[in-house]
Amino acid sequence: MTKVGRIATGVGLLAALCVPGQAVGAPVGVAMPGPVAAPPVLDLELDGDSLSLRDAFAILEGRPVTARLAAAAQANMSRTRAGALAALDNQRVYGWNQALGPLKDRPLSPEQAEQFQRNVLRSHAAGVGEPLPDNVVRLALILKANQMARGTFGVRPEVPQRLLAMVNAGVVPRMPQIGSLGTGDLQPQAAAGLAALGEDAPVRYGGEEGPASEMLPKAGLPRDFTFEAGEALPIISGSTVLAATLMDAVHRATVLADQAEGAFALFMEATRAERGSLDARTHKERHIPEENAVAARLRAMVEGSGWMTEEGRKRLDPANYHPRVQDAVSVRAAPHIMAGLRHVIDDARQALVREANSSTSNPLIFKRKEGPGYEFVMGGNWDGSVMGHLADTLNAEITDIGVLSQELSGRLLSPRWSYDLPANLAGGTVGLNSGMVQVQTVAAALIPEMQARATPAGTLSRPVKDGQEDHNTMAMASVRHLHENLDRLEIVLAVQYLMAAQGIDLIAEKMSSLTLGTTTQSLLTEIRKHIAPLGEDRYLTPDLERAIWLVHNGYLTPSVAR
């Protein structure tokens, strides 16, 4: 599974693995899979109404894509464009024959229209920071073209066709991450608009970055393109970059949710946990579908385990064994805790499908309810509040999973809390060897960072632009913080996987003749392909980097989740 680097977190371990816009290379000692056949090209026909999340995820995974407008969408766009131009004869319209933002009351003459489009993109392309990953940019351009295909923006079909031509040719505009307030994605989308014009805005093509004016001809595309009256504003209006970035986060969160369940199942084996907390009857009584599903997957993962039995629990110290009665809250409530993440992921998926197939610009153009012709309607459909608050909620759930994972890995260090695993998970002579105590503190160090970044940016609106934009969603900050915490969660889960596997191997001899569950055994086997059990103390950074790489690339996704 190929994954691209994400937003820089300042976390040293991950910084070595994740480079924005590039594939993540394996650390030394990780066996790479053999060559695989190239995936088939994803062929998309955009009609403004049927782009799926499955298609979006395929693009984010790096699948090659070609996209085009449906013929019916092109015809509808042409009709709406003609109606929009006719309506300008008797209506003053924001961004068409009036200026923007605090200058909205300044009229524009027809002669100024073309220069105004270019100026709008130049003035709004002021973003800074690391660029968005290439696949997120590709998806953002496809989302924008699909929304334009609805025929309510008033642009010519040639406008989305220009964006799709860049996607199809492999030209990727450089979209800086910082600048958007979630009130439309003005800065990053303006950068893409300048590239589409053929100006000197940077783009990437064929592994090289340079000005669009030079790179577009190299890709076989005409250098120059012209936006006509009213066509620049729909490029920057709306929240398609936000949507693409949140889709990427939801995709990542889904993979990590799967792996969090796998790490928990491996923890249950290491501590010989009681199965009662997974009993279907208990979860059915809570009436939470996601909780039932999590518990069912966990039951499947540990199916056939002899470790999670009374016999398994007696093995380490038969003479002093007492029935456990029940495990700690972090163990018994884990299906419910993990269900919260699944619930928010499902909510976000539904919202994003709607967003991909909606009209998110301002103004919009509609046929008149009464009488012939078209009219402009000005509103706030570009606003990203729903997505921003979903990102904040998803970040809270991601952080809670990180807290749970860190608590579980901490339990593995204590013989009392782990039910007699060697202290610190040390191999050899305990005391002479310190084991994995400092591996666990890597996870503990990240939790306060996750908690700080989980503060909802969506509650921190502030007015800008002379009060014309007096409420801002701050949704791009929400999504950036979410991606940073997804990076951190990869490390926290890697710690849990590494420690749970160590716990199992340390007592495997005493548990001989008892088997692990089929899925948990396969997870342990996958880890041991790349990381040897810890005997005498050794340099542990490489071990943890390998575990992070496995999580980052989805290798520890349980088979029942796939």
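The values are calculated or read from the model by the stated rules, or taken from the named source; none is laboratory data. Bear in mind the structure is a predicted one, so any value in this text is a computation, not a measurement. Backbone-built Cβ (ideal geometry, glycine too); neighbour counts: all protein chains shown. What goes into the accessible areas is simple: the full protein's heavy atoms, side chains included, and nothing from ligands, DNA or RNA. Shrake-Rupley method; radii C 1.70, N 1.55, O 1.52, S 1.80 Å.
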Residue check: is Thr240 within 21 Å of Asp47 (Cα to Cα) and polar (S, T, N, Q)?
yes
Which residue, of Ala423, Ala454, Ala396, Ala444, is over 24 Å from Thr309 (Cα atoms) and in contact with a Pro (Cβ under 8 Å, 6 or more places away or on another chain)?
Ala396
In this structure, does Asp248 turn out to be in a helix (DSSP H, G or I), closer than 30 Å to Arg150 by Cβ and among the acidic types (Asp, Glu)?
yes
State whether the residues of segment 263-274 include one that is touching a residue at least 24 places away in the same chain (Cβ under 8 Å), open to solvent by 10 Å² or more (accessible area, probe 1.4 Å) and out of contact with any strand residue (DSSP E or B) (no Cβ under 7 Å at 6 or more places or on another chain).
yes
Just for helices (runs of 4 or more DSSP H) wholly inside segment 142-230: which have at least 2 residues that are at pLDDT 95 or above and within 22 Å of Asp49 (Cβ to Cβ)?
158-169
Would you mind stating whether Phe366 is surrounded by fewer than 24 Cβ atoms within 10 Å (Cβ to Cβ), among the aromatic types (Phe, Trp, Tyr), touching a residue at least 40 places away in the same chain (Cβ under 8 Å) and out of contact with any Ser or Thr (no Cβ under 9 Å at 6 or more places or on another chain)?
no
Within segment 411-435, take every residue that is closer than 12 Å to Ala270 by Cβ and at pLDDT 95 or above and give me the one that is surrounded by the most Cβ atoms within 10 Å (Cβ to Cβ).
Leu425
Filtered residue count, segment 524-535, keeping only those that are under 18 Å from Glu545 (Cβ atoms), assigned to a helix (DSSP H, G or I) and open to solvent by 10 Å² or more (accessible area, probe 1.4 Å):
4
Near pairs, Cβ below 7 angstrom, 6+ apart or cross-chain, from segment 191-206 (open to solvent by less than 40 Å² (accessible area, probe 1.4 Å)) to any residue that is hydroxyl-bearing (Ser, Thr, Tyr):
Gly198/Ser213; Glu199/Ser213
Name the residue, out of Val167, Val203, Val255, that is β-branched (Val, Ile, Thr) and under 30 Å from Leu408 (Cβ atoms).
Val255
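Conditions (1) of a type in the set (Phe, Trp, Tyr); (2) in contact (Cβ under 8 Å) with a residue 60 or more places away in the chain; (3) open to solvent by 10 Å² or more (accessible area, probe 1.4 Å), marked per residue:
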| residue | (1), (2), (3) |
| --- | --- |
| Asn485 | no, yes, no |
| Leu498 | no, yes, no |
| Leu506 | no, yes, yes |
| Ser512 | no, no, yes |
| Ser522 | no, no, yes |
| Leu540 | no, yes, yes |
| Glu545 | no, yes, yes |
| Leu550 | no, yes, no |
Go through segment 54-85 and report how many residues are over 15 Å from the mean Cα position of the chain (by Cα), of a type outside the set (Ser, Thr, Tyr) and open to solvent by 40 Å² or more (accessible area, probe 1.4 Å).
11
Of (1) open to solvent by 10 Å² or more (accessible area, probe 1.4 Å); (2) of a type outside the set (S, T, N, Q); (3) not in a helix (DSSP H, G or I), Ala300 satisfies every one except (3)
Selection from segment 353-363 of residues of a type in the set (A, V, I, L, M) and surrounded by fewer than 21 Cβ atoms within 10 Å (Cβ to Cβ) yields Val353
